[in-house]
Amino acid sequence: MLEIPSAAFPREQAPDGSFRRQQSIFRDWVRADPASPFPAAAGRYHLYVSLACPWAHRTIIYRRIKGLEDAVSMTIVDPERDERGWAIMDGPDNTPDPVNGLAFLSEAYEASAPGFSGRVTVPVLWDTVTGRIVNNESAEIIRMFDREFGAVAAFDAPVLYPPELEGEIDHINATVYAHVNNGVYRCGFAVTQRAYEAAFQDLFGALDALESRLSQRRYLLGDLITEADWRLFTTLVRFDPVYVGHFKCNLRRIVDYPNLWGYLCDLFQQPLISETVNFSHIKRHYYRTHVTINPTRIVPVGPHMNLSAPHGREAMAHG
């Protein structure tokens, strides 16, 4: 029998060689209600992120476009993670930890759950009052930023998960998460041919469906940007520079899809968004951290991506 090679994250490798992502364990909620155990107070919470990570990138976008930069402080970890986990250190575009003075993000996990033995992930929303992690699930952190922090935001931004669209957004999110957001990881971290090919087919089936959907509307739900768009964006912007080669997602690039490419450029050109995208951190993290996939740790120079090019999708707006 052919021996199954070691996985990047052995605890998340299923017997069939597929990648099974661990669940986030810190799931408390910050509420607008001042009587909540975790009230949305300015200066109380600190966000730990990586500019490389698509899950953390969601929270960076929301913090920026919701005007929460003064209300929620933030630390950017080093993009090159080793066996000790995410490091907090000097480096290009890294930032220090003014709250806890941590050297590694694992210290925050240990302080919050002594003996924690899972994989340390970003983003992390830290509560300075109780001295522990409130939440490390990006899908929930962005909804807190969207709905609960309005009173401490610098400006009034539209709700990206409006009640009347919750069902549609949840439906799209479920498919995009399974086959695209996590689908690229299922391809990249698979350790058997069968597991890789199954994930590969799911991924490009979903991308083909999204290409078709975006041929009829500017954004996933029509003329307005919603949570579903930003959840997809952070995967699409990493696809051509990382996932095509590094994760073997090479049937087509996003630039080969006319509608998905225009949509990606459209979102990238929205106010404040381009400054949240750091391709140096993105490429350094993937190519220099996943040594089971890229043992030479060489970071590719390309590709050239002109995300500021005209996209023409304004003409798709209705009304």
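The values are calculated or read from the model by the stated rules, or taken from the named source; none is laboratory data. All values reported here derive from a predicted model rather than from experimental measurement. Positions of Cβ are generated from backbone atoms using ideal geometry, with glycine treated the same way; all protein chains shown enter the neighbour counts.
Miscellaneous remarks
- Residue satisfying all of: in segment 73-110; out of contact with any Pro (no Cβ under 9 Å at 6 or more places or on another chain) and without any contact (Cβ under 8 Å) to a residue 12 or more places away in the chain; farthest from residue 127 (Cα to Cα) among these: 83
- Pairs with Cβ under 6 Å, 6+ apart, first in segment 250-272 and in contact (Cβ under 8 Å) with a residue 12 or more places away in the chain, second small (Gly, Ala, Ser) and part of a helix (DSSP H, G or I): 268/274
- Exclusive hit being in contact with a Phe, Trp or Tyr (Cβ under 7 Å, 6 or more places away or on another chain) and either in the same structural domain as residue 226 (by TED's automatic domain parsing) or under 29 Å from residue 177 (Cα atoms) (or both), set 85, 118, 150: 85
- Residues in segment 273-298 that are hydrophobic (A, V, I, L, M, F, W, C), surrounded by fewer than 17 Cβ atoms within 10 Å (Cβ to Cβ) and in contact (Cβ under 8 Å) with a residue 12 or more places away in the chain were compared, and the one that is farthest from residue 233 (Cα to Cα) is 293.
- In segment 15-64, residue surrounded by the fewest Cβ atoms within 10 Å (Cβ to Cβ) [restricted to those that are of a type outside the set (S, T, N, Q) and free of Cβ contacts under 8 Å to residues at least 12 places away in the same chain]: 35
- Considering (1) more than 30 Å from residue 44 (Cβ to Cβ); (2) crowded, with 21+ Cβ neighbours inside 10 Å; (3) among the acidic types (Asp, Glu), the lone condition that residue 227 does not fulfil carries the number (1).
- Which numbered condition residue 147 fails, given (1) touching a residue at least 60 places away in the same chain (Cβ under 8 Å); (2) over 26 Å from residue 33 (Cα atoms): (2)
- Taking first residues from segment 182-207 that are in the same structural domain as residue 244 (by TED's automatic domain parsing) and partners that are surrounded by fewer than 19 Cβ atoms within 10 Å (Cβ to Cβ) and modelled with pLDDT of 95 or more, the Cβ contacts under 6 Å between residues at least 6 apart in sequence or on separate chains come to 183/202; 187/248; 204/251.
- Residue in segment 65-88 that is crowded, with 16+ Cβ neighbours inside 10 Å, of a type in the set (Lys, Arg) and modelled with pLDDT of 90 or more present: yes
- Residue within segment 39-47 that is assigned to a loop (DSSP other than H, G, I, E, B), modelled with pLDDT of 95 or more and under 20 Å from residue 120 (Cβ atoms) present: no
- Only a single item in (1) under 24 Å from residue 13 (Cα atoms); (2) touching a Lys or Arg at 6+ places or on another chain (Cβ under 6 Å); (3) of a type in the set (D, E, K, R) is not met by residue 197, and it is number (2).
- Restricting segment 147-173 to residues that are among the aromatic types (Phe, Trp, Tyr) and at pLDDT 95 or above, the residue that is surrounded by the fewest Cβ atoms within 10 Å (Cβ to Cβ): 161
- Count of segment 240-278 residues which are of a type in the set (A, V, I, L, M, F, W, C), assigned to a helix (DSSP H, G or I) and over 22 Å from residue 316 (Cβ atoms): 1
- Scanning segment 251-305 for residues that are within 30 Å of residue 10 (Cβ to Cβ) and under 18 Å from the mean Cα position of the chain (by Cα) returns 278, 279, 280, 281, 282, 283, 284, 285, 286, 287, 289, 290.
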